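**Student:** For reference, the structure I am asking about is given below.
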Amino acid sequence: MKINLKNGIDELLFGMKQTDVTEIYGLPNKQFKDDDDNVIYVYNAKRVRLTFYEDEDFKLGYIICSNPDLTLFDKKLINRNVEEVKNELLEKGLKTWENEDFDLAENHFNESNWFILQTEFGVIANVEMGAIINDNDEFEWKFKK
């Protein structure tokens, strides 16, 4: 699975509707609503969780993935040392990282790409990506249908 910064993962693009996603992945293994009435799709085999924002006409706006084959710039991310990965990404232009500590987990956040490396025990456990919000406080949807 290939990360396309600011766009999505593989064929999934921010701004897709639920029907667009099911045409590609089929029906999810699990579907539910969160506390904000967003729709969540979970695909076990892909190890991916997709959030469709209720207040944005249920467009795909957030992706969490822990697939061991997840790549960025042709390099795998999951189960790798986060500092090693951040050093590699520095060469690709991802220079600024904000770190948050949550007991066992740590988030390493690159705001310009709305990209999070979440670690446990010093290695990357999952990656989170969100649709980009522009200077006008609007989402930059990548999917055009």
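**Student:** Treat every Asp and Glu Cβ in region 29-74 as -1 and every Lys and Arg Cβ as +1, leave all other atoms uncharged, and give the resulting dipole magnitude about the Cα centre to the nearest 20 debye.
**Tutor:** For region 29-74, the charge dipole is close to 380 debye.
**Student:** So, one more: Apply the Karplus parameterisation 6.51 cos²θ - 1.76 cosθ + 1.60, with θ equal to phi minus 60°, to every residue of region 61-74 and state each ³J(HN,Hα) to the nearest whole Hz, in sequence, with x for glycine and proline.
**Tutor:** x, 8, 10, 10, 9, 10, 5, x, 9, 5, 10, 9, 6, 6
**Student:** Can you sort LEU90, LEU104, LEU77 so the residue with the fewest Cβ neighbours within 10 Å comes first?
**Tutor:** LEU104, LEU90, LEU77
**Student:** Based only on the alpha carbon positions, what is the Kirkwood hydrodynamic radius of region 1-65, in angstrom?
**Tutor:** It works out to 11.7 Å.
**Student:** Magnitude of the Cβ-charge dipole of the chain, K/R +1 and D/E -1, about the Cα centre, nearest 20 debye?
**Tutor:** Result for the chain is approximately 840 debye, rounded to the nearest 20.
**Student:** Counting Lys +1, Arg +1, Asp -1, Glu -1, what net charge surrounds GLU120 among other residues with beta carbon under 12 Å of its beta carbon?
**Tutor:** For residues surrounding GLU120, the net value is -3.
**Student:** Now, a different point. Determine the sum of side-chain charges near ASN29: Lys and Arg each +1, Asp and Glu each -1, restricted to other residues whose C-beta is under 14 angstrom from that of ASN29.
**Tutor:** +4
**Student:** Using the alpha-carbon centroid of each, what span in Å lies between region 87-114 and region 38-72?
**Tutor:** The two parts, judged by their Cα centres, are 20 Å apart.
**Student:** Also, quick follow-up: For n ≥ 4 DSSP H runs only, could you compute -39500 (n - 2.57) per run for the chain, divide by its residues and tell me the 222 nm figure to the nearest 500?
**Tutor:** Estimated from H runs of four or more residues: -3000 deg cm²/dmol.
**Student:** Taking the Cβ of GLU98 as the centre, find all other residues whose Cβ is under 14 Å away and add up their charges (Lys, Arg: +1; Asp, Glu: -1).
**Tutor:** Its environment carries a net charge of -3.
**Student:** Could you state the principal axis extents of the C-alpha atoms in the chain, from the largest down, to the nearest angstrom?
**Tutor:** 38, 36, 30
**Student:** Going by how many other Cβ atoms sit within 10 Å of their own, how do ILE64, ILE24 line up, fewest first?
**Tutor:** In order of increasing Cβ crowding within 10 Å: ILE24, ILE64.
Any read-out appearing in this document is the output of simple, stated calculations on the displayed coordinates, not a laboratory observation. Since we're looking at a predicted model, the values are computed, not measured. Cβ atoms come from the backbone with ideal geometry, glycine included; neighbour counts cover every protein chain shown.
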